[in-house]
1. Sort 67-77, 226-236 by packing, meaning the average of other beta carbons within 10 Å per residue, with the highest value first.
2. Using a 10 Å cut-off on Cβ atoms, rank the peptides 114-127, 152-165, 9-22 from the highest mean neighbour count down.
3. Can you work out ³J(HN,Hα) from phi for every residue in the stretch 233-238, in order, using Karplus 6.51 cos²θ - 1.76 cosθ + 1.60 and θ = phi - 60°, giving whole Hz and x for Gly and Pro?
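What follows draws every value from the coordinates through simple rules; no lab data is involved. Predicted model, so just to flag it, every value in this text is computed and none were measured. Here the Cβ positions follow ideal geometry from the backbone for every residue, glycine too, while neighbour counts run over all protein chains shown.
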Amino acid sequence: MSARCDRALARALQLARQWNARLVVATVLPDAAMEAGAELPQGAPDPRDTAERRLQRLLDGEDHSGRIDVRVTQGHVGRALLRLAAEENCGLLVTGIASDMLFELPVPGSTVLWLSRHSPLPVLIVHDRVRGPYRHLAVASDFSDSANRAAGQALSLLGPPLRLSLVHALESTGSPLLSGDRASVQEQARDAARGQAQQLLAELRPLLAQAMAEIHIDTGAPAAVLRRYTRDSGAELVIVATHGRGALFELLIGSVARRLVAVLETDTLLIRDPRSLPADTAVAGLAG
């Protein structure tokens, strides 16, 4: 219920209106707050009631044709949210980001990092202000099955954009200590990546409608490639599969994830490959 969450709430409301979907607005109270509430003197406000009233005030005046439900739960934030999402048959988690008090930079907190590793549902990390529906999507892809599934699922979830970009980080090929035409080797690798990208776009075409589709291949670390591309192109949403092969999928591990979301200043949709889930994991309402 901090100011940083206002952007996530605004985006969730926009998507709910776009899809005519039910929206569950939730907050998680720590166990300590609930334990303290049990010891309050008679007549003192209950922490759960106080949280519900604050959430309702955030929603006052919002125009939404569908249904908005407010939920207050407690416990470990990530586990409590996933449990609530399963109970409410949700298909998408929308969250904001915290702020680094030392530098005043927007950074993903521990809950976002935990959800990126454990959520069976897509997780949308909202970074920017809402300016309307997402129009330009950038798919971070290494052309693995996980990345291809993530691209298809994102388009099924969001609908056709005006513009879709496949962004591929080409690993530096060869060593300057080795003999041979290094530039020729890299050009061959670039041509091979472009062929894979064209094949993926052909597979996605039924979901793209009249969207303009383009391929962007650059050499360098994936985080740096994505940063340059989103900065220069104005992409509004980056789509990343959280499980797969190659360096691209290490973006979501530890401190690199913090740098990615902070540096991109772009909303990010994390989609987990369902094949990476434990066999006994229940997935409720997962759009596919």
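1. 226-236, 67-77
2. 114-127, 152-165, 9-22
3. The phi angles translate into 9, x, 4, 9, 8, 9 Hz.
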